[in-house]
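Each remark here refers to the structure printed beneath this line.
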Amino acid sequence: MKYLLLTLILLGTTTGVRADTPVLIGNAPARASQSLNGKWRVIVDPFEYGLYDARMQPSKEPYFNDAKPKDKSTRLEYDFDTSPQLDVPGDWNSQMDKLFFYEGTVWYRQKFDYSLKPGNRAWLHFGAVNYQASVWLNGEKLGDHTGGFTPFDFEITGKVKPTGNSVVVKADNTRHKEAVPTTNADWWNYGGITREVSVIQLPATFIEDYLIQLQKGSGNVIAGWVRINGGKAGQKVSVRIPEAGIDVTTTTDETGYAALHIPVSSLKLWSPEEPKLYEVTVSTGTDKVTDRIGFRSIETRGTDILLNGKPVFLRGVSIHEEAPFRSGRAFSDEDARTLLGWAKELGCNFVRLAHYPHNEFMLREADRLGLMVWSETPVYWTIAWDNPATFANAANQIDESIRRDKNRAAIILWSVANETPIGAARTDFLTRLVRQVKQADPTRLVTAAMLHEADAKATATSNSIVLDDPLGAVLDVLGCNEYIGWYDGTPEKADRTTWSSPYNKPLIMSEFGADALFGKHGDDQTRWTEEYQEKVFQHQLAMLDRIPFLRGTSPWILMDFRSPRRTLPDIEDYFNRKGLVSIRGEKKKAFGVMQDYYRRKAAEK
Ligand code: GCU
């Protein structure tokens, strides 16, 4: 009994359940809600006069009051009702030319009526706001959120009125050295309410969250937990998975928590070949929520990655959250279907969602399509490693990402970093982050996209790279970004390059590639042509095939994407052109090279 109790306690602490964190409603899209998506009034406020007066004291007319002049002689220098409008969800940069480069504060305001059934509770839900959000309802501050790619919820029970509610959001995408990401990145800093907004209505006692996954190391036990909010103790909780013959009932403890340990005889495991999703219903006396969940195991054995106990090669591609065709921040189910449809066309069974948690439509489409996912937190390049607030921010963002996506079978890897220069403070920071991820979610693998040192003894005929980043010691899977043929020597340099590592661990080559402007043709010595990009891929793939511990590839990148670093006129025009596909969905020659490679890899068993 003692060990069972210990197990249950350990189980209970898994997957992002840190008692001190704000409520994050599990499976928000499935909950009864009123959407606040649509046109919001906005005020662009670079000097933050919406908060402070000329002496930098709190303004007497703060924008969050959404006020109107009391009479014709009243001076009031803002008016949401006659201000411009922006679509929500959506970044501001791609909606208004004068905001294309804008970094700073934009105030958003939406009016709405709301009928709250007596005894029910209401929550204001945001899919994401980039980067710093402050939210008011009817002039009352609800709270703040930091981080541009994870959801957050504020309870508004007792604050929301039947008519004439005014929700005001201050969104600020200013970059900061101590932020996550820091001031330097190779993607567009799309600001604003970039994902959905809704009001979720729930009973007084509701299912706040749940974890329902295959227990690590077992093929026939579903483990996890359910957490109830309101009237917590002694709640009867049932979990039904009809197709798996499961209908169990348990009872919550005094904190509203119930651990699950459900033996199951026959379960069709989720895989890229057969992405089986089960309908799962969690219910209590007053609440019910239904999800579609896949069950699979993921682990490593030496240099192999095992999916459901069998070695797998991850045929992947990296993807930014860039909207196909229109550019700007992707946010919709249609964007997800387009991007992941191209990945499937490429022959992928895997996608690296760089460099931050993508919107939930991407994860649910990956579940449906059978695409394994590398999900990343934006600990990117030169983070303020010595700053405790920076660590807390990174830890919180990855925790929110795990809390949102912990039931998605597609996610097999949590990545804690991208291309972070090796140093004692950095390795300590990331080691602590890895430890937190493993504690929060012991069922998945942890990785990072690392750099490699140049071979100090490279010659004209040999180039030996050793992947010995100290961070590799605590990762389950090594990730490495390399650009032989683009940033590093000629494409032919790949022919004389060999790779080794002191770690007996799998390697995913998480980035390689080259730029090409779609439709620009020439000989394969000419930069920016499709022919040059094609040649880089040909030499890269031949090299990759010679790496004995390689177990996956995610070339950079599926589609061209906006970046403020890419200014070459008529070629880049603020786009990074390493896409295998142009922003208009046109496939470059290298797409075919990668497609042939994956066709061959898929045939290898
Ligand atoms: C880096 C980085 C990417 C960047 C890419 C490039 O490896 O991880 O974010 O876009 O290289 O330079 O194109």
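The values are calculated or read from the model by the stated rules, or taken from the named source; none is laboratory data. Everything numeric here is computed off the predicted structure, so don't read it as measured data. All Cβ positions, even for glycine, are placed from backbone atoms using ideal geometry, and neighbour counts span all protein chains on display. When the accessible area is computed, the model is the full protein with side chains, heavy atoms only, and any ligands, DNA or RNA have been set aside. Shrake-Rupley method; radii C 1.70, N 1.55, O 1.52, S 1.80 Å.
Taking only pairs six or more apart or across chains, which ones have beta-carbon atoms under 7 Å, a first residue in the stretch 344-361 that is within 16 Å of the ligand (Cβ to nearest atom), and a second residue that is part of a helix (DSSP H, G or I)?
So the pair list comes out as Val351/Leu340; Val351/Ala343; Val351/Ala366; Leu353/Met362; Pro357/Ser401.
Filter the strands (runs of 3 or more DSSP E) completely within the stretch 491-562 down to those with at least 3 residues that are within 27 Å of the chain's Cα centre (by Cα) and assigned by TED's automatic domain parsing to the domain that holds Leu413.
Once the strands (runs of 3 or more DSSP E) in the stretch 491-562 are filtered for at least 3 residues that are within 27 Å of the chain's Cα centre (by Cα) and assigned by TED's automatic domain parsing to the domain that holds Leu413, what remains is 507-511, 550-553.
Of all the residues that make up the stretch 126-135, how many are open to solvent by 10 Å² or more (accessible area, probe 1.4 Å) and either free of Cβ contacts under 8 Å to residues at least 12 places away in the same chain or under 8 Å from Val169 (Cβ atoms) (or both)?
Summing the residues that are open to solvent by 10 Å² or more (accessible area, probe 1.4 Å) and either free of Cβ contacts under 8 Å to residues at least 12 places away in the same chain or under 8 Å from Val169 (Cβ atoms) (or both) in the stretch 126-135 gives 1.
If you take the residues of the stretch 563-576 that are under 22 Å from the mean Cα position of the chain (by Cα) and in a loop (DSSP other than H, G, I, E, B), which of them is surrounded by the fewest Cβ atoms within 10 Å (Cβ to Cβ)?
Pro564
Just to be sure before I move on: is Arg527 more than 16 Å from the ligand (Cβ to nearest atom), modelled with pLDDT of 95 or more and either on the phi < 0 side of the Ramachandran plot or open to solvent by 10 Å² or more (accessible area, probe 1.4 Å) (or both) in the structure I sent?
no
Could you tell me how many of the residues in the stretch 362-387 are part of a strand (DSSP E or B) and within 16 Å of the ligand (Cβ to nearest atom)?
Counting residues in the stretch 362-387 that are part of a strand (DSSP E or B) and within 16 Å of the ligand (Cβ to nearest atom) gives 4.
Quick check on my filter: what residues within the stretch 136-169 are closer than 20 Å to Phe331 by Cβ and either in contact with a Ser or Thr (Cβ under 8 Å, 6 or more places away or on another chain) or open to solvent by less than 20 Å² (accessible area, probe 1.4 Å) (or both)?
If the condition is that a residue be closer than 20 Å to Phe331 by Cβ and either in contact with a Ser or Thr (Cβ under 8 Å, 6 or more places away or on another chain) or open to solvent by less than 20 Å² (accessible area, probe 1.4 Å) (or both), then His145, Gly147, Gly148, Phe149, Thr150, Pro151, Phe152, Asp153, Val167, Val169 are the ones that fit.
Tell me, please, whether a residue that is under 24 Å from Trp270 (Cα atoms), in contact with a helix residue (DSSP H, G or I) (Cβ under 6 Å, 6 or more places away or on another chain) and free of Cβ contacts under 8 Å to residues at least 60 places away in the same chain can be found in the stretch 311-332.
no
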